[in-house]
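All remarks here apply to the structure that follows.
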Amino acid sequence: MRLPVKLTSALVAGVVLLGSLTAAVPAEAAAISCADTDLPVTGPGLPPLVPGAPASVHGRLCLPAGAVPDAVQLLVHGGTYNSAYWDLPYQPERYSYQRDMASHGYATFAADQLGAGGSRPLSLPLTVQAEAEALHEVVGHLRAGHVGGAAFAKVVIVGHSVGSGVVAVEAGTYHDVDGVILTGITHLPALPVLALGAALGLQPALLDGQLAHLGSDPLYFTTRPGARAGLFYAAGDADPGVIAADEATKDQVSVPGMGTVALFGIVLPATWGITVPVFQVVGEKDALFCGLLALRDCSSAATLRPQEAPYYRDPSKLSMFVLPGAGHSVALHQNAGLYRDATRSWLRDRIGVTAQGYHSIG
């Protein structure tokens, strides 16, 4: 039986359209799942006079297909970012840390720090200690099965920039995680660059056209429009589309929080209290933490590690990785896949975490 020409053409077109739609869906899209949740934590206070009030931390759990892994990475973004840093809404197959990890069999939970994303308390009491306490409670939720119904046996906490300072305080204070990853940070920042960047690149969030609607108090700051490219990226390794998405998803940071992170999380340093393996990652061309003004040679892991090792109680537990050609926000550069691969190797070799779970390394 011959079908009419119009019907045949319509059927062919339908098949072609269906095929194109199927091809447009990345393979990993069907293999992973991501879901948002809010977790109760203790908010900032002014102890001992004013105890912390109840607050919540918003976050996104991403899981691979199949069995839920026994381990999870708790991801903590940097200042003027939120959890979108780990799942940028631009070419996620290339730039999303969470979706890439899930496609390789690893679970992640990206949290919005207090003051960013869904939780915005007053900025004045929002110190690094308050942020660390909230993350400590998030670790407890992850282990207790309060996130996605999965009780994770191992938790590796991962920070970026200001978030790395918070992570160092959390891990060095509470000793509740199995491994620590610090990105976008060294122990001697380029103070002149940071000062100039703050003076020319930051402004109160309440004066920012993109964030003014939040109604934040005057001690919350964000980046000026167009400032992120120069502060966070190396031109030769940056996609303009990424920078545009970064600008579109930017957030605010508490000045007291950022100041106490700099003092207690970096300068003193909090890393001295960490007793588990640490993976420290920086971009070779990070203008904020590398170079002559930072007294840090970030040309390679071999040159940087001896400069950073004295800030750890047990230097044998420190591993180092330098992402070639990258700037400050290492997860969002064009060659970030190298950093994610190195992270998975470190998880396997130093923590015993493998895809879909972990194995004992003694």
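The values are calculated or read from the model by the stated rules, or taken from the named source; none is laboratory data. In this text the structure is predicted, and so the values were computed from the model without any measurement. Glycine also receives a Cβ, built like all others from the backbone with ideal geometry; neighbour counts cover every protein chain displayed. With ligands, DNA and RNA removed, areas are computed over all heavy atoms of the protein, side chains included. Shrake-Rupley method; radii C 1.70, N 1.55, O 1.52, S 1.80 Å.
Remarks
- Inter-site label distance for TRP272 and ASP38 at 7 Å from Cα along Cβ, in nm: 4.0 nm
- With both labels modelled 7 Å from their Cα along Cα-to-Cβ, the SER316 to LEU196 distance reads 4.3 nm.
- Within the full protein context, the accessible area of HIS77 is estimated at about 0 Å² for a probe radius of 1.4 Å.
- Options ALA294, MET320, ALA65, ranked by Cα towards positive dipole end of the chain, top entry (Cβ charges): ALA65
- Unpaired by the 4.7 Å Cβ criterion, cysteines found in the chain: none
- Portion, in percent, of the accessible area of the chain that falls on carbon or sulfur, probe 1.4 Å: 66 percent
- Basic side chains Lys and Arg get +1 at the Cβ, acidic Asp and Glu get -1 at the Cβ, and with that the dipole of the range 233-337 about its Cα centre reaches some 380 debye.
- Here the range 71-97 and the range 248-293 have alpha carbon centers that stand 17 Å from each other.
- Estimated at 0.36 nm per residue, the fully extended path between ALA144 and LEU263 surpasses their Cα-Cα distance by 39.6 nm.
- Against the set (1) 1.04; (2) 1.15; (3) 1.29, the structure's computed Cα Rg over 2.2 N^0.38 Å falls on (1).
- Chain lengthening between ALA248 and GLN356 when straightened (0.36 nm per residue, less Cα-Cα): 35.5 nm
- Residue order for MET258, MET320 - accessible surface, 1.4 angstrom probe, largest first: MET258, MET320
- Trypsin sites (Lys or Arg not before Pro) restricted to the range 286-329 and DSSP loop, no more than 16 other C-beta within 10 Å: ARG313
- When the listed pairs LYS154/LYS250; LYS250/LYS285; LYS250/LYS317 are checked against a 29 Å cut-off, the alpha-carbon distance exceeds it for LYS154/LYS250; LYS250/LYS317.
- Charge dipole (Cα centre; +1 on Lys/Arg Cβ, -1 on Asp/Glu Cβ; no other charges) of the chain amounts to roughly 600 debye.
- For the range 56-141, averaging the sequence separation of C-alpha pairs within contact (under 8 Å, six or more residues apart) and dividing by the residue count gives a relative contact order of 37 percent.
- Debye intensity ratio in log₁₀ form over the Cα atoms of the range 198-285, taken at each q of 0.16, 0.18, 0.22, 0.23 Å⁻¹: -0.83, -0.97, -1.11, -1.13
- Normalising the average separation of contacting C-alpha pairs (under 8 angstrom, six or more residues apart) by the number of residues puts the relative contact order of the range 166-267 at 29 percent.
- Where the chain is the region considered: accessible area per residue in Å², 1.4 Å probe: 41 Å²
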